[in-house]
1. Listing A:ASP151, B:ASP44 from the residue with the fewest other Cβ atoms within 10 Å to the one with the most, what is the order?
2. Mind pulling up the Rg/Rh value for the protein assembly as shown? Radius of gyration and Kirkwood radius, both on Cα.
3. Please work out how much length the chain gains when fully extended from A:PHE138 to A:GLU7, using 0.36 nm per residue of separation minus the C-alpha to C-alpha distance, in nm with one decimal.
4. Relative contact order for chain A: what is it in percent, counting Cα pairs under 8 Å that are at least 6 residues apart?
5. At 4 °C and 1.567 mPa s, what whole-number value in µm²/s does Stokes-Einstein give for the translational diffusion of the stretch A:152-213, with Rh from the Kirkwood sum over Cα pairs?
6. I need the calculated FRET efficiency for the pair B:GLU35 and B:THR9, taking r as the beta carbon distance and R₀ as 22 Å, to the nearest 0.05.
7. Using a cut-off of 14 Å between beta-carbons, work out the net charge of the residues near A:ARG207 (Lys and Arg +1, Asp and Glu -1, A:ARG207 not included).
8. Hey, rough spin-label estimate for A:LYS213 and A:ALA261, points 7 angstrom out along Cα→Cβ, what's it come to in nanometres?
Amino acid sequence: MKEIYKEYFRGNLPHIWCSGCGNGIVMSAWARAMDQLQLDKNQCVGVSGIGCSSRITGYLDINTLHTAHGRALPFATGVKMAKPEMHVFVFSGDGDCAAIGGNHFIHACRRDMDMTLIVFNNHIYGMTGGQFSPLTPFGKKSTTSPYGTVDPDFDLCKLAIGAGASFVARGDIFHAKQLTDLIVEAHNHPGFAVIEVMATCPISYGRHNKIPKPADMVNYLKENTVSKVRADKMTPEEVADKIVVGILHQHEPLEYTKEYAKLVKRLQGGEK
Amino acid sequence: MAKKLYNVTVQEKLCKACGICIALCPTKVFGATAEGKANVNNADACTGCLTCEMHCPDFCVEVEARENE
């Protein structure tokens, strides 16, 4: 096995994810990003909620917290407030982050605390049997929408930008090298960084939607993604059914823990 | 200059037969076993692009530059 996997994983493999699950590709992209960042593992925390993607914390060789459903961000906020010097990575699924933890997500974006949120968007609740999630595209089938969903499409990145996150990016598992670079940039960003990763679920999503082969799902991402730079030059009609990947938004943050430290210092009389 | 060669290995114990490496490899290095797991058919064709390594969801493919050839 590769050295970086030995370094950043606990070695309790194989993991529980199904054959062809995209989560493993995100996990290896994260390990490569960690290798580039060269952080002290004792100063890193991985926090996850509940769901397929959230099982990742069981395999990472850093400090990890596997928390309540949808509540990964509140736990991560607590960790960062208590120990602002720690590097916090939050791993969440689309159901975990957009549905059950939707409100926490909005307020984490608003607060703009220095942490990295990686949302594994596989369009489905995989662990509980393939129910449709808020991020299931319109008209797609699942066990609870056998004739196709009637919910309109929902864009998590637009919500994050609207709620005030200072770094919002979208990656996908076909562009694994770019995903690694996005994780590195998101970590280096001094505020709340959101990366929505388009992952695949061949078992619960692919089989219902006539793309049961994992490789076909990965190739679907290859054919239907366009970079942000290219999308800016295309007409809105051309971009409509494409997935735009890359850094979608970035601004200079007013970092919460630093502002809080300043407040404490001022009240203690250290700074007028 | 001679073509640079690579060693490609698949850990059969970890492979879950998803077929991603077989489909994505641009030079068709991999074949499939009877169970559908990946095996290395033609390591000499490998160009070292690391597509298989980065896209293996089970971390079982490894590509290394061949030494002294």
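None of the figures in this text is laboratory data; all of them are computed from the coordinates on show. The structure displayed is predicted, hence computed values, not measured ones. Methodologically, a virtual Cβ is constructed for each residue, glycine included, from the backbone with ideal geometry; neighbour enumeration extends over all protein chains shown.
1. Sorted ascending by nearby Cβ count, the order is B:ASP44, A:ASP151.
2. Result for the protein assembly as shown is an Rg/Rh of 0.99.
3. Answer, rounded to one decimal: 43.1 nm.
4. Worked out over chain A, it gives 18 percent.
5. Value of D from the Cα-based Kirkwood radius: 98 µm²/s.
6. Rounded to the nearest 0.05, the efficiency is 0.80.
7. On the way: positive: A:LYS140, A:LYS141, A:LYS210, A:LYS213; negative: A:ASP216.
So the surrounding residues net to +3.
8. Here the answer is 5.3 nm between the modelled labels.
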